[in-house]
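*Asks:* I'd like to ask some things about the structure below.
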Amino acid sequence: MKVGAAPVSFGVYGPPEATDGRSPEHLVAAMASSGYDGAEFPPAGYAGSPGSAARLFQRRGLVPVGIYIPLHFADPALLARDEAHMEEALCELQETGVGPRLAILADEGSDILLRNPARGDDPTHALSPDAFRELCATANRMAAEIRRRGLVPSFHPHISTYVESPSEVERLLELTDIDLTFDTGHIALGGGDILECLAAWRERINHIHLKDVRLSVLEEAKARGRDDFDVWWADVSVPLGEGDLPLREFLAHLSQSGYRGWAVVEQDRAPISSEAELRSAAGVQARNLQWLRQLEDGSSGKP
């Protein structure tokens, strides 16, 4: 299994002006220094015009795995803006001739969903059946365009969005031909058992995000009715093996299923605010990779 790094593990969620000004060169150098085979691209435009991120990755010896594309599927006005950003992201992917070139689509939900995470099957804030079918039709349209460009589409279910619970994911799979980015953290936080969901959806999974989480952080936020999602979310992800998820069993099942794609380690954290924090994040991610490699060596019988 090829293992990659993720920009969010280094506190990067948006364009440079939305962070503390850490340069694209600093970010890519930090991801490379952590020892990963490759990484997902930072957000479209982060490194400059299309091709800029690909050139940085090439200089640092990182394989570009894909790029995350957030989309407000349920808000036509915001979706039109998001599709312009998606065009930038697809152009960035087209500039690289290596790696799986995954275009990872994800719903952005809404403000009310940020205040009501992990809805389960409560229909209060869910999309109507017709609106959900429209979301799926849009995802199918986008997936067709992505394939037309020679790229690979994938859909990332995400907490506090309209594709969050296992039942919503299953409905998406019924109504689309797009495969999944299976994020262990988001599936669990959305109410799924990651082992059961892996078994049920395996044939439709073309990418993995490995995340370990503390479920108590979500439970406390819900109990207190917290509306500062971006604040408490930074405490959800923890180093691999230190959270509540059965990642050892998950990885064993994934290997037994014949998965040969990429697994990108995501440990969402607060945005970076200093060079020292960037170095610290790189150290944490190097230890995550070491945890994975030691697990692999143990299962293969290597000393």
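*Asks:* Mind computing the radius of gyration and Dmax over the alpha-carbon atoms of the stretch 250-289? Å is fine for both.
*Replies:* Cα radius of gyration and Dmax of the stretch 250-289 are 14.3, 42 Å respectively.
*Asks:* Quote the charge dipole size of the chain about the Cα centre in Debye, to the nearest 20; the model charges only the Cβ of Lys and Arg (+1) and of Asp and Glu (-1).
*Replies:* 1080
*Asks:* Here's a follow-up. Consider all pairwise Cα distances in the stretch 5-121 and report the whole-number % of them above 20 Å. Kindly include the intermediate steps, with their values, before the conclusion.
*Replies:* Details: 2982 of 6786 pairs.
It works out to 44 percent of all Cα pairs.
*Asks:* Which of 130, 183, 268 moves the most in a Gaussian network model of the chain with Cα springs under 10 Å?
*Replies:* 130
*Asks:* Moving to a separate point now. Among 221, 118, 84, determine the one that fluctuates most according to a GNM of the chain built with springs between C-alpha atoms less than 10 Å apart.
*Replies:* 84
*Asks:* With labels modelled as points extended 7 Å from the Cα through the Cβ direction, what inter-label distance (nm, one decimal) is found for residue 276 paired with residue 244?
*Replies:* About 3.3 nm separates the two model spin labels.
*Asks:* Please give the net charge around residue 87, taking every other residue with its beta carbon less than 12 angstrom from that of residue 87, where Lys and Arg add +1 and Asp and Glu add -1.
*Replies:* -3
*Asks:* Accessible area per residue, 1.4 Å probe, Å², for the stretch 45-116: what's the number?
*Replies:* Roughly 44 Å² per residue, with all protein chains present.
*Asks:* Using a 1.4 Å probe, how large is the accessible area of residue 31, given in Å² and rounded to the nearest 10?
*Replies:* Roll a 1.4 Å probe over it and residue 31 shows about 0 Å².
*Asks:* Additional query: Given H placed 1.01 Å from N in the peptide plane, which residues other than close sequence neighbours of residue 264 have an amide H under 5 Å from its amide H?
*Replies:* Amide H neighbours of residue 264, under 5 Å, 5+ apart: 4, 208, 209, 210.
*Asks:* With the crude spin-label approximation of a point 7 Å out along Cα→Cβ, what separation in nm comes out for residue 260 versus residue 287?
*Replies:* Rounded to a tenth, the inter-label distance reads 3.5 nm.
*Asks:* Which value, in Å², gives the accessible area per residue of the stretch 150-303 when a 1.4 Å probe is used on the protein heavy atoms?
*Replies:* Normalised by residue count, the accessible surface of the stretch 150-303 is 43 Å².
*Asks:* Quick one: what are the phi-derived ³J(HN,Hα) couplings along the stretch 60-75, Karplus 6.51/-1.76/1.60 with θ = phi - 60°, whole Hz, x for glycine and proline?
*Replies:* Karplus-based 3J(HN,Hα) across the stretch 60-75 equals 9, x, 9, 7, x, 8, x, 8, 7, 10, x, 9, 7, 4, 8, 10 Hz.
*Asks:* Follow-up. Identify which of 279, 147, 171 has the largest mean-square fluctuation in a Gaussian network model of the chain, with springs joining Cα atoms closer than 10 Å.
*Replies:* Residue with maximal mean-square fluctuation among 279, 147, 171: 147.
*Asks:* For the chain, what is the calculated [θ] at 222 nm in deg cm²/dmol (nearest 500), taking -39500 (n - 2.57) for each run of four or more DSSP H residues and dividing by its residue count?
*Replies:* Result for the chain: -14000 deg cm²/dmol, rounded to the nearest 500.
*Asks:* Sorting 111, 193 by accessible area (1.4 Å probe), largest first, what list results?
*Replies:* The most accessible residue leads, giving 111, 193.
*Asks:* Beta carbons within 10 angstrom, averaged per residue: use that to sort the peptides 282-291, 97-106, highest first.
*Replies:* Packing proxy ranking, top to bottom: 97-106, 282-291.
*Asks:* If only Cα atoms are counted, what is the Rg of the stretch 199-269, and what is its Dmax, in Å?
*Replies:* That works out to 14.4, 42 Å for Rg and Dmax.
*Asks:* In addition: Please give the contour-minus-distance gain from residue 253 to residue 297: 0.36 nm per residue of separation, less the Cα-Cα distance, rounded to one decimal in nm. Could you put the intermediate results ahead of the total?
*Replies:* Values: separation 44, 0.36 × 44 = 15.84 nm, distance 1.59 nm.
Length difference between fully extended and current span is 14.2 nm.
*Asks:* Keeping all protein chains in position, work out how much accessible area residue 128 exposes to a 1.4 Å probe, and write it in Å² to the nearest 10.
*Replies:* That residue has around 60 Å² of solvent-accessible surface.
*Asks:* Still on this structure, please answer the following. Could you tell me the calculated FRET efficiency between residue 219 and residue 177, based on Cβ-Cβ distance and R0 = 30 angstrom, to the nearest 0.05? List each step's numbers first, then the result.
*Replies:* Details: r = 35 Å, r/R0 = 1.18.
The value I calculate is 0.25.
*Asks:* Please list, in chain and number order, the residues 5+ apart from residue 65 or on another chain whose amide H is under 5 Å from its amide H, with Hs placed from the backbone.
*Replies:* Long-range HN contacts for residue 65: 39, 40, 41.
The values are calculated or read from the model by the stated rules, or taken from the named source; none is laboratory data. Since the structure is predicted, the reported quantities are computational estimates derived from the model, not experimental observations. As a convention, Cβ positions derive from the backbone with ideal geometry for all residues, glycine included, and neighbour counts pool all protein chains shown. SASA here: full protein model, heavy atoms, side chains in, ligands and nucleic acids out. Shrake-Rupley method; radii C 1.70, N 1.55, O 1.52, S 1.80 Å.
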